[in-house]
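Below is one structure; the comments refer to it alone.
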Amino acid sequence: MKKLTYLFLLFQMFLLGSLNAQPYKPSPGIDAKVNALLAKMTLDEKIGQLTLYTTDWGSTGPTIREGYKNDIRSGACGNLFNSHTVGFVRELQRVAVEETRLKIPLLFGFDVIHGYKTIFPIPLGEAACWDLEAIELSAHIAAAEAASAGLNWTFAPMVDITRDPRWGRVMEGAGEDTWLGCRIAEARVHGFQGKKLGNTDAVLACVKHYAAYGAATAGRDYNTVDMSERFFREYYLPPYKAAVQAGAATVMTSFNEYDGVPATGNKYLLTNILRNEWGFKGFVVTDYTSMNEMVNHGVIADEKEAGELSLNAGVDMDMQGSIYQRFLKQSLKQGKVLQKQIDEAARRVLRLKFELGLFDDPYKFCNEERQKATLLSADHRKAARDVSRKSIVLLKNDKNALPLQRNQKIALIGPLADNKSELIGNWNGAGNADDCITVAGGLQGWNVTQVKGCDIEGTDKSGFEAALAAARNADVVVAVVGEKAMMSGEAASRTEITLPGVQEELILELCKTGKPVVVVLMNGRPLAIPQIAQNATAILETWWLGTEAGNAIADVLSGTYNPAGRLPMSFPRSVGQVPVFYNERNTGRPYNPDSKWTSRYIDEVNAPLYPFGFGLSYTTFSYSQPTATVTYAANDASKRFAKSPVTVQVTVTNSGKVAGEEVAQLYVRDLVGSVTRPVRELKGFQKVMLQPGESKTLTFTLKSEDLGFYRRNMTFGTEPGEYDLMVGGSSQDVKTVRVRLEK
Ligand code: NOJ
């Protein structure tokens, strides 16, 4: 307890310094140093700074290049990824600063997505905690661990909004909602970059994948994207902007096209919006060979042209494609690109190397003792357990089957009950499965009989009988089932999003024993599980929680911790409903189950199985009727509304028998706009702890931008008229107050 308080205090101190809400701005004096260095550099050396190669330590895509050590020596490669640990990094950095002419240090990047050695919940899971401080702390610990192991750049946060659970990469983002996605993007950037770039507990963040990668058609990874500019700006673009405004130093392009132009060659995205509209001053890196892939997209004829299109669009660094290295000189000679563009790209990269302090001490992220003391420390594990249990969502709890009672005999069934290797999920940094606590481990000391029952995949049912026997012999069944970790993540889209193999069948058989069946789900995406929802007694969504998974799940199963997670993404009833999301537009024929001629299916209801924002607790909460106050800017006709024109008040009461946390959510709807508006949009939330019988009155403040949108003429702002303001415990369970905004 004392330690947790200490951790909390440390974090408060950290937070106080980290809350910059400005795009990255070069520190004073940096440009003079960069310019002096640029003046000494040859064209080849400059192009080397625009080049990023993977080492052979690990690879996160098709490897097309070997011999990177020679490339460092010759100055042809100024940046590396997939190389970490102090010893390995130190040696490569040594080559750069001792064996090259200008001794320019390397950047070391890596996909530190949800932890480096201490693995935190997958980002989608962590988004379910609705606790921005916990999310920031998790990113900060990930950064501190990575920065102790030689790294200075993470390819995160991934802020792609998605509405399609077939898409494997849904696990890496914050789910379907734009507003929540923005807040989480900010928290993660602040966490990764810490108080100051160059601190040895911080790394450069890289916002990805810019832009709209999460809208891949049919949820198939790398597929094309097509949407209106209005939907793009309203739903998909804001989280990238929020991350840039939170100070993210770098941005990664995406594999998809936007409006017919691949993102990596898209000047509208990379220059008009990113640099001109948002004032981004960091550097842009491609995704893995996405420059080369523009040939397949069919917008240029060959790789040389791909390099020209990219540089002209605003790409600074080529990840793994070696196009800049092979062709940029020739393109310059032919006048297809300009010297000043190459200089500017090199300037952007070098600035951040200075910012990190690498010229003063190229080995500053290479300290054996710090690495040893930092990785998987007791404090980090504690923080991981804390955010992991906060990320668990209780989806069903009939007959108060949960929490379990200490005297109950538990039949612990399922292929994931004691399976360490899956718990750390996909994109697991340098995490070790062996460091993970399983559910069986978390329930040590309880009266547990464990039987696997079946595999995650496959058709073998020979284990069913033993599982059923254990169930009959127990008071309660805890069935731990789900996907394999590698079934989500990059290049892992699925057309069926049910439980794989015979796991669902096993659960339905277990339910027939008449014993209460608690299903613990582990998965990287929303799953379609209507049969389980109907038949199981209780369901816990636990995602992939990482190193402390089993302890966190045991905390919830035992009632040591009262679950308060809320879904960041709707769970469909079947893949046929996809995309199903809460902030849709109304149609001219809104859903009416009794009328054929409305927007509906003939074989299924429209509502998802579990909606965005949903999650139960071991207690219950009630809401008063909300009230609202509208204020106007005094004597200022040009600013129609005050900066924060609307406040909403609501009283939330714990109407149950145990203490618990409620996530009170505020949604808005503009009833009549110059263009159609979503039926509701999240614009705020508050997480509040209440003792049984306790009430608290919450006040939400809406800023004018919360009520604004891209109007008919694509300018952003508010419109007068009536708005519904809705407060409640989920997107589908709200109480409404109507307000009128005057001109
Ligand atoms: C490709 C992925 O799309 C991207 O997210 C990742 O950062 C890079 N590979 C590097 O591993």
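The values are calculated or read from the model by the stated rules, or taken from the named source; none is laboratory data. Model, not experiment: these values are computed from the prediction. We place every Cβ from the backbone using ideal geometry, glycine too, and count neighbours over all the protein chains shown. For accessibility, only protein heavy atoms count, side chains too; no ligands or nucleic acids. Shrake-Rupley method; radii C 1.70, N 1.55, O 1.52, S 1.80 Å.
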Go through the stretch 233-268 and give me each residue that's on the phi > 0 side of the Ramachandran plot and in contact with a Phe, Trp or Tyr (Cβ under 7 Å, 6 or more places away or on another chain). GLY247
Looking for whichever is in the same structural domain as LYS512 (by TED's automatic domain parsing) and within 16 Å of the ligand (Cβ to nearest atom) here; the options are GLY482, GLY489. Which one fits? GLY489
In the stretch 202-239, which residue that is closer than 30 Å to ALA149 by Cα and away from the ligand (no atom under 14 Å from the Cβ) is nearest to the chain's Cα centre (by Cα)? PRO239
Within the stretch 689-705, tally of residues that are at pLDDT below 95 and surrounded by 15 or more Cβ atoms within 10 Å (Cβ to Cβ): 2
Does any residue of the stretch 190-201 turn out to be within 16 Å of the ligand (Cβ to nearest atom) and not assigned by TED's automatic domain parsing to the domain that holds PHE716? yes
Within the stretch 454-486, the residues that are part of a loop (DSSP other than H, G, I, E, B) and either modelled with pLDDT under 95 or among the acidic types (Asp, Glu) (or both) are ASP455, GLU457, ASP460, ASP475, GLU483
Filter the stretch 492-505 down to residues that are surrounded by fewer than 24 Cβ atoms within 10 Å (Cβ to Cβ) and either among the charged types (D, E, K, R) or not in a loop (DSSP other than H, G, I, E, B) (or both), then give me how many there are. 4
What do you reckon, is ARG326 in contact (Cβ under 8 Å) with a residue 12 or more places away in the chain, under 17 Å from GLN49 (Cα atoms) and either within 16 Å of the ligand (Cβ to nearest atom) or open to solvent by 60 Å² or more (accessible area, probe 1.4 Å) (or both)? yes
For the stretch 225-245, check the following and say yes or no: at least one residue is of a type in the set (Val, Ile, Thr) and farther than 27 Å from GLN577 by Cα. yes
Among (1) assigned to a loop (DSSP other than H, G, I, E, B); (2) touching a strand residue (DSSP E or B) at 6+ places or on another chain (Cβ under 9 Å), THR699 falls short only on (1)
Looking for something touching a strand residue (DSSP E or B) at 6+ places or on another chain (Cβ under 6 Å) and away from the ligand (no atom under 16 Å from the Cβ) - is there at least one such residue anywhere in the stretch 247-258? no
Within the stretch 283-308, which residues are closer than 30 Å to VAL203 by Cβ and either away from the ligand (no atom under 16 Å from the Cβ) or charged (D, E, K, R) (or both)? ASP287, GLU293, ALA306, GLY307
Test ASP670 against the stated conditions and say whether it is open to solvent by less than 40 Å² (accessible area, probe 1.4 Å) and more than 21 Å from GLN625 (Cα to Cα). no
GLY514 vs (1) buried (at least 21 other Cβ atoms within 10 Å of the Cβ); (2) out of contact with any strand residue (DSSP E or B) (no Cβ under 6 Å at 6 or more places or on another chain); (3) not charged (D, E, K, R): all pass except (1)
The stretch 620-630, residues that are in contact with a Leu (Cβ under 8 Å, 6 or more places away or on another chain) and not in a strand (DSSP E or B): PRO626
When GLY489 is run through (1) in a helix (DSSP H, G or I); (2) closer than 30 Å to LEU151 by Cα; (3) open to solvent by less than 10 Å² (accessible area, probe 1.4 Å), the failure sits at (1)
Quick check: is even one residue across the stretch 54-76 away from the ligand (no atom under 16 Å from the Cβ), over 34 Å from the mean Cα position of the chain (by Cα), among the acidic types (Asp, Glu) and in a helix (DSSP H, G or I)? no
Could you give me the residue pairs with C-beta distances under 8 Å whose first residue belongs to the stretch 370-381 and is modelled with pLDDT of 95 or more, whose second residue is open to solvent by 50 Å² or more (accessible area, probe 1.4 Å) and polar (S, T, N, Q) wherever it lies, and which are 6+ apart or on separate chains? ARG370/THR200
Could you tell me how many of the residues in the stretch 88-123 are in contact with a Lys or Arg (Cβ under 8 Å, 6 or more places away or on another chain), open to solvent by less than 10 Å² (accessible area, probe 1.4 Å) and assigned to a loop (DSSP other than H, G, I, E, B)? 2
Check off (1) of a type outside the set (Val, Ile, Thr); (2) open to solvent by 10 Å² or more (accessible area, probe 1.4 Å); (3) within 27 Å of the chain's Cα centre (by Cα); (4) closer than 30 Å to VAL284 by Cα for GLN341 and give me the number that stays unchecked. (3)
May I ask you to list pairs of residues, at least six apart or on different chains, whose Cβ atoms are under 7 Å apart, with the first in the stretch 396-411 being over 18 Å from ASN562 (Cβ atoms) and the second being surrounded by 11 or more Cβ atoms within 10 Å (Cβ to Cβ) and of a type in the set (Ser, Thr, Tyr)? ALA411/THR449
Checking the conditions here, which among ALA156, ALA187 is open to solvent by less than 10 Å² (accessible area, probe 1.4 Å), within 30 Å of LYS703 (Cα to Cα) and away from the ligand (no atom under 14 Å from the Cβ)? ALA187
